[in-house]
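Peer 1: After the structure tokens below, expect a handful of questions from me.
Derivation of every value follows stated rules applied to the coordinates shown; laboratory data play no part. The structure displayed is predicted, hence computed values, not measured ones. FYI the Cβ positions are ideal-geometry reconstructions off the backbone, even for glycines, and counts take in every protein chain you see.
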Amino acid sequence: MKCPYCGASESRVIDTREVGDSIRRRRECQVCKQRFTTYERVAKVTLLVVKRDGRREPFDRQKIFEGIRKACAKRPISTEQIEQMVSDIETKLYGLGKSEIPSQDIGEMVIEKLRDLDAVAYVRFASVYRSFQDLEALKREVDEMLERRNAQKE
């Protein structure tokens with residue numbers, strides 16, 4: 001690990017802490033005595049997302065985060081809740097043990113999480129993800145959601 005201040009490669013670890021799925025290390029350069037922080041994560045297998053048109057692209061957790069964040073705009077949902085949802089989905093995807101995942105599967109995972117978290121965010125995400133052709137299709141989806149909610153209350 002090179003010092004960001006002087007470029008020296010000798011540093012010692014002062015403190016180590018687990019932060020979510022990574023490790024935070026506080027280091028001190030042996031040459032210039034400046035302190036800096038590093039984060040370590042386990043290198044994961046490259047996961048490819050298979051798009052609807054057949055294209056493949058590397059999995060990007062930030063895309064999921066942004067999609068969920070947009071759906072949750074102006075809703076009482078914290079960034080921490082969104083981050084946790086994204087982490088849960090990412091863990092589940094890597095846990096499948098596959099190198100390629102259809103984008104539809106990821107979308108369905110997001111929809112399931114949003115359905116449990118917030119009805120309005122769920123409808124917002126579903127309206128974009130499922131590309132409803134008309135208001136009737138959207139209404140049917142909302143009606144089904146309300147029926148599920150009423151069945152859970154009983």
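Peer 1: Hey, what number do you get for the chain at 222 nm if only DSSP H runs of n ≥ 4 count, each worth -39500 (n - 2.57), divided across all residues, to the nearest 500?
Peer 2: Value at 222 nm, helices only, nearest 500: -15500 deg cm²/dmol.
Peer 1: Summing Lys, Arg as +1 and Asp, Glu as -1, what charge do residues with Cβ under 12 Å from the Cβ of Gly107 carry, Gly107 excluded?
Peer 2: Net charge in that neighbourhood comes out at +2.
Peer 1: Mind listing P(r) for region 48-149? All alpha-carbon pairs, 10 Å bins, whole percents.
Peer 2: Over region 48-149, the share of Cα pairs per 10 Å bin runs 14, 45, 32, 8 percent.
Peer 1: Something else: Using a Gaussian network model on the chain with a 10 Å cutoff between Cα atoms, which of Thr91, Thr46, Thr37 fluctuates the most?
Peer 2: The residue with the greatest mean-square fluctuation here is Thr37.
Peer 1: Among Lys139, Lys63, Lys33, whose mean-square fluctuation peaks in a Gaussian network model of the chain (Cα, cutoff 10 Å)?
Peer 2: With Cα springs under 10 Å in the chain, the top fluctuation among Lys139, Lys63, Lys33 is at Lys33.
Peer 1: Return the long-range amide H neighbours of Ser11 (sequence gap of 5 or more, or a different chain), with a cut-off of under 5 Å between placed amide H atoms.
Peer 2: When sequence neighbours closer than 5 places are left aside, the close amide H contacts are Gln30.
Peer 1: Order these by the 10 Å Cβ neighbour count, fewest first: Leu138, Leu96, Leu114.
Peer 2: In order of increasing Cβ crowding within 10 Å: Leu96, Leu138, Leu114.
Peer 1: So between Gln104 and Val120, what do we pick up on full extension, going 0.36 nm a residue minus the alpha carbon distance?
Peer 2: That works out to 3.7 nm of additional length.
Peer 1: Another one. To the nearest 20 Debye, how big is the dipole of the chain about its Cα centre, given +1 on the beta carbon of each Lys and Arg and -1 on that of each Asp and Glu?
Peer 2: Here the size comes out at about 740 debye.
Peer 1: Report the semi-axes of the equivalent ellipsoid for region 13-58 in whole Å, largest first, where each axis is √(5λ) for an eigenvalue λ of the Cα gyration tensor.
Peer 2: Gyration-tensor ellipsoid for region 13-58: 37, 12, 7 Å.
Peer 1: ³J(HN,Hα) across region 64-74 via Karplus (A = 6.51, B = -1.76, C = 1.60, θ = phi - 60°), whole Hz, x for Gly/Pro?
Peer 2: Residue by residue, region 64-74 yields 5, 4, 5, x, 5, 4, 5, 5, 9, 4, 6 Hz.
Peer 1: Among Thr16, Val49, Ser131, whose Cα lies farthest out toward the positive end of the dipole of the chain, if unit charges sit on the beta carbon of Lys, Arg (+1) and Asp, Glu (-1)?
Peer 2: So the residue furthest toward the plus end is Thr16.
Peer 1: What list do you get for Arg148, Arg12 if you sort them by fewest beta carbons within 10 Å?
Peer 2: Ascending Cβ contact count within 10 Å gives the list Arg12, Arg148.
Peer 1: While we're on this one: Which order results if Leu48, Leu117, Leu146 are arranged by neighbouring Cβ count within 10 Å, fewest first?
Peer 2: Leu146, Leu48, Leu117
Peer 1: Let me ask something additional. Strictly over 23 Å apart at the Cα level, which of Lys70/Lys98; Lys51/Lys74; Lys63/Lys98; Lys2/Lys33; Lys51/Lys139; Lys113/Lys153 would you flag in this model?
Peer 2: Lys70/Lys98; Lys51/Lys74; Lys51/Lys139
Peer 1: Once fully extended, how much extra length lies between Leu96 and Glu154, figured as 0.36 nm per residue of separation less the alpha-carbon to alpha-carbon distance?
Peer 2: Contour length minus the Cα-Cα distance gives 17.5 nm.
Peer 1: Under a plain spin-label model, where a point goes 7 Å from the Cα along Cα-to-Cβ, how far apart in nm are Arg24 and Gln84?
Peer 2: 1.8 nm
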